[in-house]
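Peer 1: Next up is a structure, given as structure tokens.
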Ligand code: TRP
């Protein structure tokens, strides 16, 4: 009788419906502006291939274990991040704090992320016109400056993006998130392959390939390693409950370690493709790879304008960047939406609208960071930079450390084995032992040292 009730209750909970849907949605969360905006500019400013190697190591030793742990816990509890941690932890232990930090991180990340997405959406239309189609970086720089320093434009584009994301979330997990990801992810891969191939065929492209693949280790400092670890958390959407929430929508027969590995590899592949679409062209036309956050908006239009058929490729490029941002934002907002509706017994519609309203307030601080609020600084940073810095360098790594400790020491090996083998159906005992070893002794210490050193605590 009880079993039947549970089955009925289980069925009524929204979730991903197919194996491909799981992969598309999870990858949709991982792939985003982190790959196409952050990864290229950070690789550019931190010296190229050396940074890439540190990043890949961080992904393997820290990113992958935390991601598997999060998805496992989420699927076990089949609830929002707060409820998951509350039910899985022994009575009285406040591990739910991780989810509270996670909800805060979701708002802070979305605040600046939605603004970068806003610029990308605006650029899709700008690229169709002619205002940014020039190979003079001074002109593209002025066009970008004009966009971000106009408070009204910044706010309106951000609101448009937020309304779009909220609209998709209102449709639910299977009909909204999963359906959209299944359509957009294949398109993203296709477009990125086309743009990458175009860039690689340019005369002089090899210098850009060399920049991406020939390491110079002299550029690697503690700060650079922290940036790489922060980027690994950011790109894999871990450390704040996103993957836990998506894990709760996984099917019981899904092979979690295999799916996670696939997502990680595909995410890395997309970053490499973005790097291969951008750096060969940057070098071929003599631009500066270390331009920083504006690389995508100032350098890239000038680069595309310099190549044959560049106008068309520029529209395609910004369109695919916009696509990638959508899946990531859906997953970011799903965390507060599910926690609010689960915790306060609110309908999904109400929780989405409440989240959206809160975000309009927090987000406008970032939208106006280059105009009306440019003078408002905390620790010498605008709200935009502050939210970016605090989330990638503090909140996500800290959440990661706590998740490692919880899974490694409190949840433990036996339950991990049972959960990851799908109650014994899969034979992955050795992998579980390695995972728990990493989660207990290696990942948390590594994150802690890197975090403290990078923040110059010692
Ligand atoms: N991973 C996404 C990107 O690369 C951003 C993102 C989505 C994210 N969900 C997250 C980052 C959760 C940190 C935490 O663009």
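The values are calculated or read from the model by the stated rules, or taken from the named source; none is laboratory data. Note that the coordinates shown come from a computational prediction; the quantities given were computed from them, not determined experimentally. Heads up, the Cβs are rebuilt from the backbone with ideal geometry, glycines too, and the neighbour counts pull from every protein chain shown.
Peer 1: Condition (residue is in contact with a helix residue (DSSP H, G or I) (Cβ under 9 Å, 6 or more places away or on another chain), more than 16 Å from the ligand (Cβ to nearest atom) and at positive phi) applied to segment 245-252: is it met by at least one residue?
Peer 2: no
Peer 1: Of all residues being touching a helix residue (DSSP H, G or I) at 6+ places or on another chain (Cβ under 7 Å) and not in a helix (DSSP H, G or I) in segment 203-236, which is nearest to the ligand (Cβ to nearest atom)? Just the residue, please.
Peer 2: Going through the qualifying residues, I end up with 236.
Peer 1: Taking the criterion of being within 15 Å of the ligand (Cβ to nearest atom) and not in a helix (DSSP H, G or I), would at least one residue in segment 28-50 satisfy it?
Peer 2: Of the residues in segment 28-50, the ones within 15 Å of the ligand (Cβ to nearest atom) are 28-43.
Checking which are not in a helix (DSSP H, G or I) leaves us with 31-32.
Yes, the conditions are met somewhere in segment 28-50.
Peer 1: Residues in segment 104-125 that are in contact with a helix residue (DSSP H, G or I) (Cβ under 7 Å, 6 or more places away or on another chain) and either outside any helix (DSSP H, G or I) or more than 16 Å from the ligand (Cβ to nearest atom) (or both): how many?
Peer 2: 3
Peer 1: Just wondering, is there one or more residues in segment 172-180 that are within 14 Å of the ligand (Cβ to nearest atom), within 30 Å of residue 78 (Cβ to Cβ) and at pLDDT 95 or above?
Peer 2: Yes, segment 172-180 contains at least one residue that is within 14 Å of the ligand (Cβ to nearest atom), within 30 Å of residue 78 (Cβ to Cβ) and at pLDDT 95 or above.
Peer 1: Checking the conditions here, which among 328, 266 is surrounded by fewer than 24 Cβ atoms within 10 Å (Cβ to Cβ), touching a residue at least 40 places away in the same chain (Cβ under 8 Å), within 16 Å of the ligand (Cβ to nearest atom) and under 20 Å from residue 33 (Cα atoms)? Quick ask: steps written out before the conclusion?
Peer 2: Numbers: 328 fails: surrounded by fewer than 24 Cβ atoms within 10 Å (Cβ to Cβ).
One residue alone meets the criteria, 266.
Peer 1: Can you confirm whether segment 187-195 contains a residue that is in a helix (DSSP H, G or I), more than 16 Å from the ligand (Cβ to nearest atom), buried (at least 19 other Cβ atoms within 10 Å of the Cβ) and in contact (Cβ under 8 Å) with a residue 40 or more places away in the chain?
Peer 2: Yes, segment 187-195 has at least one match.
Peer 1: Mind checking which helices (runs of 4 or more DSSP H) fall wholly inside segment 248-347 and carry at least 3 residues that are under 30 Å from residue 203 (Cα atoms) and modelled with pLDDT of 90 or more? Break it down stepwise before answering.
Peer 2: On the way: elements: 256-284, 299-305, 310-343.
It comes to 256-284, 310-343.
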